[in-house]
1. Report the relative contact order of the range A:26-260, percent, no decimals, based on alpha-carbon pairs under 8 angstrom and at least 6 residues apart.
2. May I ask you to evaluate 6.51 cos²θ - 1.76 cosθ + 1.60, the Karplus curve with θ = phi - 60°, for each residue of the range A:452-466 and list the ³J(HN,Hα) values in order in whole Hz, giving x for glycine and proline?
3. Exactly which trypsin sites (Lys or Arg not before Pro) in the range B:1-104 are in a DSSP loop and have at most 15 other Cβ atoms within 10 Å?
4. Among all helices in chain B defined by DSSP H, which have a length of 30 Å or more along the axis from Cα atoms plus a Kyte-Doolittle mean of at least 0.0?
5. Report, to two decimal places, the Cα Rg of the range A:465-542 normalised by 2.2 N^0.38 Å (N = number of residues).
6. Suppose R0 equals 51 Å. What FRET efficiency, 1/(1 + (r/R0)^6) with r the Cβ-Cβ distance, do B:Val188 and A:Lys655 give to the nearest 0.05?
7. Once the Cβ-Cβ distance between A:Tyr60 and A:Met506 is put in as r, and R0 is 41 Å, what FRET efficiency do you end up with, to the nearest 0.05?
8. For chain B, with a Gaussian network of springs between Cα atoms less than 10 Å apart, report the residue from B:Leu24, B:Leu212, B:Leu276 with the top mean-square fluctuation.
Amino acid sequence: MRLKFVFLFLIMTTFLYPKLLHGQPPVCEHIANYKMDVELFPEKKTVEGSEMLTWLNDSYYYVDELYFHLYMNAFKNNKSSMMRERGRPLKKDIKPIELGYCDIISMKVLESDYMEEADITATIEFVQPDDDNKDDQTVIRVKLPRVVPPNGEIQLVIDFVTKLPRTIRRSGYYQDYFFMAQWFPKIGVFWDGRWNCHQYHARSEFFADYGIYDVNITVPSDYIVGATGEKRTAIENPNGTITYNFFQESVHDFAWTACEDYIEVFDECPLPSGGVDITLLIMPEHEKQSERYLTATKHAIKYYSEWYGEYPYSTVTVIDPAYRSEADGMEYPTIFTGRTNWIESPKGVLRPESVTVHEFGHGYWYGLIGNNEFEDAWLDEGFTSFSESEVLETAYGPNLFSLRYFGFPVAFPDVKYEQRFTGLNGYRRIAKQDIMQRNAWEYMTSSSYDVNAYDKPELMLRTLKNYLGKEVFDNIMKTYSLRWWYKHPKPQDFFEVVGEVSGQDMNWFFDQFVYGSDVLDYSIDRISSRLEPDSIGILTKWGRDFVEEETAQEEEEAKIEPDTTLKTEEVEEKEEKEKIYTSEVLVRRLGEVKMPVEIQVNFDNGETINESWDGQYKWKKFIYKKPAKIKSAVVDPEHKYVLDINYTNNSKIVKEDNKAPLKWTSKWMFWLQNFLELFAFFS
Amino acid sequence: MKALSALKIGSGITTRKFGIVIFLLIINIIFVLVLSIPMFYTLQDSFGDSKVSENMLEGFDTLWYGEFRNEVSGFASSFSPSIMGIGAILNNFVSIESGNLFNIRSIPGTILILGLLYLLFGSFLNGGILGAFNSPERKFSFGNFFEDCGKYFIRFLFLMIIAVACYVVLQRFFFPWLNSAFSSLGWVKNATEEKIPFLFDRLKNFIFVIILFFIGMLFDYAKIITVVEQRRNIIVSFFRSLGFIFVHIIKTFSLYYFLVFIGIIFIALYTYIEPLFTTNTLRNIGIVFGIQQVYIILKIWLKCTFFSSQMSLYKGVVVSPEEEELITRTVEPFAIKEEPGESKSL
Ligand SMILES: [Zn+2]
């Protein structure tokens, strides 16, 4: 009976569950809901106002304290963890106006079934769960007058003033440009029976619960505003300001920007169940690049919807940030920033396209799939980088190598960077420095963070895709995506989907790449062909038989008249064909990572043999006896394992000439000739 | 004499003495072969007998390049896809503009040493070149050529050191100052758009080029004066050069920029012609190599024509007594024992 049930359950999960999910959009549980009323004061560089937070305890625990992020306090002084971890210290002569902080004026709990109204401002204390840096003020803890039971809901009203810093880490002010990210007191995530509320680190992003954001923003009326969600109303105030209402359900953050200079460009992207309104806020000097931003956004919406579930929000806002705003590309729910230059990149050089596709992609792997970016950065950045390359490859093809000479871009059409190898150069350099699965702020260096959060997971996913096959992998990605929309998956949850959809235990794969720093490197060590030698010695069953045979043969040969005519070409050719060669291919595993590999061997008669090797031992030799010589051999001929840190050693050919080194030496030589003439200028 | 006629006479002299141009090309090739041969073996070794050879013959294997970049150090690390086409020329302009030309941190040591040796050897050869141009009717002989090389070497060496020092001062002190001056301008400092700082950066590039060319012109005339007037004191040559340039500012500048313009035409021609050939056969590799050598010949021809036409201008301009007075006054403090040359070589 019980077995039957388990069997039924298995069938359900394997076949029906993903299908059901593919058909119906997942539902979001709103845990942290914010109703805000805030005003931007451009002169003071502040945002002031209040938020009403409705928080649901969706755990099985009783909660008697709350944790909040005050991210802006990272920019309060040079002692915060952010500033200590960051390579660049604050400049000594920094003016107070350039610093940032978030002050809570008051915090009140409202009366409810299990709560009496109380002012809890006095209970606020700074805590440092990550590093005990007592100077860090980016996380606070407050005591509640009573406990919140499981499924209990409480309401708080928080009055606050956020002083914006001179733009740093994408947020703040620069001239009349304002970007408000991580700007309001934000509740942590009560997860696995404890508060998960990390400090603001130089190398890590964020984690929050889903909810409804209903935000009134007041700004001087000449400011153009872009924000998370849908702009519902705009009301002009008698004092020369305007109040916008932005509303969005099922998101876990809210960011906005205001600037007098933005030009608004509107577009839309049709989808099966409606469409998405795209708003582009672009700097005037980039206006002629609007089309590039919009086209890239539409490509991203289209392919993401196709591959990972239809984009569920009605808006997306693309921001082209001000020069020197330290913004670059960054993602927030339904709004993201891109980047481009005044002198536009030539066609084929994917700027601003790649950053646009990347940041939109976060809308899925960070926005819809609410993983913990502090602890599992790669679940966001890695998946986003992977999908970015997939979209770019499909929509644009390879990215051209380009350089800027005196500010002017020059593309090199012969030098194409294929999207599927993105990140390999970075990864190869420091592949063994860290283990991928690690807290984001605990990688050895920032390059190591880049490699382990972006490059390696991207290459790992692509290797997995090529290993399992496109169809299975696509199904994995869609199932994982839709199953974990509006939830907080951990790496294990992804591995489970992989196992479930592929029907294979892939733990050996993830153990090596996610929890290890070993590298993958297979190589063809050598290929050779030699003529099968004429037999020497005794080949008969018994030694004595040989002597008898030999004498008989000699007698026979003596009877035949020797052939004195010259060998014709035909005969020679025939003889050549009859020659038997022994060919050898030695394949080696140079890295510690073990994966089954394919080997392709080509012979000079046009024959191709495909071999498989489990790749477990350190080497494997393939031997052939054929009337043909070996021409080339390749291990992993389709280059499925893009994680292989050296692909040059994956092939060997019987060398024909030195044309290639000659070609490139002559090009380099010309460069050097010019270079020397440059020196001669001073002679 | 007008700038254009100086150019005409000068280019005529260089063309008649084309042997010198070819000789300089051979010197250039000998120098680059010192590293090109090891480069060939480095590339051959790196391509190995792998499929990379095929890929690199047909195009550029970016995967291989990533691995190569990760493994090599020293002179081979200067190999990059940007040496293709116009990149080979533009990269070098960037080096000189960014002040990286004599910077060991941005140029591999072996290449820097080779460059410095070339510079030194160039200083040595300039005596021979200018000596030959100074007596265009004299039949060229290597004996005379090297005699002149030896005769002027020490003087030219000092001029070269001063020229390099000027460049270093420009890069180390003047440009950082110009940079901070520009960046503290309200327009640049408070720019919310890239446009303004971009234009200021280009203005900086422009100022740099003007100054660099001025240095080039100043030291060209200093060498010319040393040879034409048989000056022993290079400080005198230097200031006479300065005086001459300013007295005949229109002629000297227009001649120099005519020559620069010719250089730009050569670059444009190269940029147009080089990509017409895909270098995947031995024949085309040879053709492109030929085109490149023609470009280098033109470049050397131009370098020589800078000398010959500026020399023609210097010799051809009639200096009025008042002008001579002005030039002499510029030189005065340094001219205590200096007499004009004993004998002008013919
Ligand atoms: Zn990202």
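FYI, it's all coordinate maths here, none of it is from the lab. Remember, predicted model here, so these are calculated numbers, not experimental data. Positions of Cβ are backbone-derived with ideal geometry, glycine not excepted, and every protein chain shown enters the neighbour counts.
1. Working: 615 pairs, mean separation 61.8, N = 235.
Normalised by residue count, the contact order of the range A:26-260 is 26 percent.
2. Rounded to whole hertz, the list is 7, 8, 10, 5, 5, x, 4, 5, 5, 4, 5, 5, 5, 4, 5.
3. Details: sites: B:Lys2, B:Lys8, B:Arg16, B:Lys17, B:Lys51, B:Arg69; in loops: B:Lys2, B:Lys17, B:Lys51.
The qualifying sites are B:Lys2.
4. Those that clear 30 Å and a mean of 0.0 are B:18-47, B:109-134, B:142-169, B:195-228, B:249-273, B:282-316.
5. This ratio for the range A:465-542 stands at 2.08.
6. 0.35
7. Working: r = 31 Å, r/R0 = 0.77.
Taking R0 as 41 Å, the efficiency between A:Tyr60 and A:Met506 is 0.85.
8. Among B:Leu24, B:Leu212, B:Leu276, the largest GNM mean-square fluctuation belongs to B:Leu276.
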